[in-house]
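The block underneath contains the structure these notes are about, expressed in structure tokens.
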Amino acid sequence: MSKQTRDGSAGDADYGAIAADYSRYRQPDPRIADAIARALAPAETVVNVGAGAGSYESVAPRITAVEPSRAMRARRPPHLTPAVNATAEALPFDDDAFDAAMTTFSVHQWHELAAGLRELRRVARGPVVVLTCDPALVREFWLHSYAPSVLDTEARRYPAIEEITAVLGGRATVERVPIPLDCVDGFNEAYYGRPERLLDPGARDACSAWSFVEPALRERYVEALRAALHDGSWDARHGELRHRPSWLGSLVLVRAVPEG
């Protein structure tokens with residue numbers, strides 16, 4: 001049984017507390033959306049589990065959204081259909097109810113990963129598509145030099161890609177997704193070439209891993225990055241990233257289809 005916060009958030013992060021400006025910083029990036037749409041094709045009916053405020057719901061003609069957090073459901077724009085209040089581990093749909101299932105930046109929030117993935121497989125006739133981060137690659141991002149506990153937290157929270165594919169079964173592929181320099185979906189690595197953005201408290205709050213670090217330590221991390229930008233040491237080490245059109249970080253797209 002999943003334990004939920006007062007807000008209804010079913011994972012380890014309380015989005016009722018940290019989601020005030022989430023939608024401002026976490027917009028669906030069209031290039032990432034294209035990768036998701038290709039993975040879902042030719043599905044017409046898709047269930048989006050852990051849908052949040054509705055990112056990436058333009059990827060299929062008919063989307064049914066599932067989101068347990070009251071705060072995130074309230075941030076869904078009016079043109080989107082209301083989200084069903086449910087958790088990944090107990091989806092209120094019949095077997096094979098949808099052409100496909102998807103989840104983006106959500107599996108690391110689930111209390112029972114295997115149960116949630118089995119539910120996605122149960123309700124989808126075709127592909128199950130998971131946008132997530134590979135924990136084996138998380139610490140390769142330059143931010144680990146300035147805010148190690150933040151990325152250590154992320155690496156602990158994200159499930160191993162092999163675990164995801166094993167539970168989903170069938171025929172699975174794993175694709176590393178290029179992150180564009182001007183990415184509008186503000187997860188930590190979206191700022192690989194725009195480090196100043198991580199000095200913005202709102203940008204950090206939109207990345208839940210920061211919420212697991214004590215406030216005083218967070219401030220020390222921010223000051224370390226601020227000092228490195230001021231004295232030029234960040235640019236001396238990583239400045240070429242400011243001009244790199246895209247970057248392969250830990251972002252991956254898992255696609256699993258049934259055998260036969």
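Ranking of Ile179, Ile161 by neighbouring Cβ atoms within 10 Å, starting from the fewest: Ile161, Ile179.
Listed from fewest to most Cβ neighbours within 10 Å, the set Leu151, Leu117 follows the order Leu151, Leu117.
Starting from 0.36 nm per residue, how many nanometres of slack lie between Asp95 and Glu175 once their C-alpha separation is accounted for?
Details: separation 80, 0.36 × 80 = 28.80 nm, distance 2.73 nm.
Roughly 26.1 nm would be gained on extension.
In whole Å, how far is the Cα centre of region 42-77 from that of region 131-146? Cα centroid to Cα centroid, the span is 26 Å.
Of Val174, Val66, Val49, the residue with the greatest mean-square motion in the GNM of the chain, using alpha carbon springs below 10 Å, is Val174.
Taken about its Cα centre, the chain carries a charge dipole of about 240 debye when Lys and Arg each add +1 at the Cβ and Asp and Glu each add -1 at the Cβ. I'd like the FRET efficiency for Thr81 and Ala136, computed as 1/(1 + (r/R0)^6) with the beta carbon distance as r and R0 of 35 Å, rounded to 0.05. It comes to 0.45. In terms of its C-alpha gyration tensor, region 146-203 has an oblate overall shape, because the principal axis ratio a/c (a ≥ b ≥ c, square roots of the eigenvalues) is not below 1.5 and a/b does not outweigh b/c.
The numbers here are math on the coordinates, done by the rules we state, and not lab data. The structure displayed is predicted, hence computed values, not measured ones. Note that we place each Cβ from the backbone using ideal geometry, even for glycine, and neighbour counts take in every protein chain shown.
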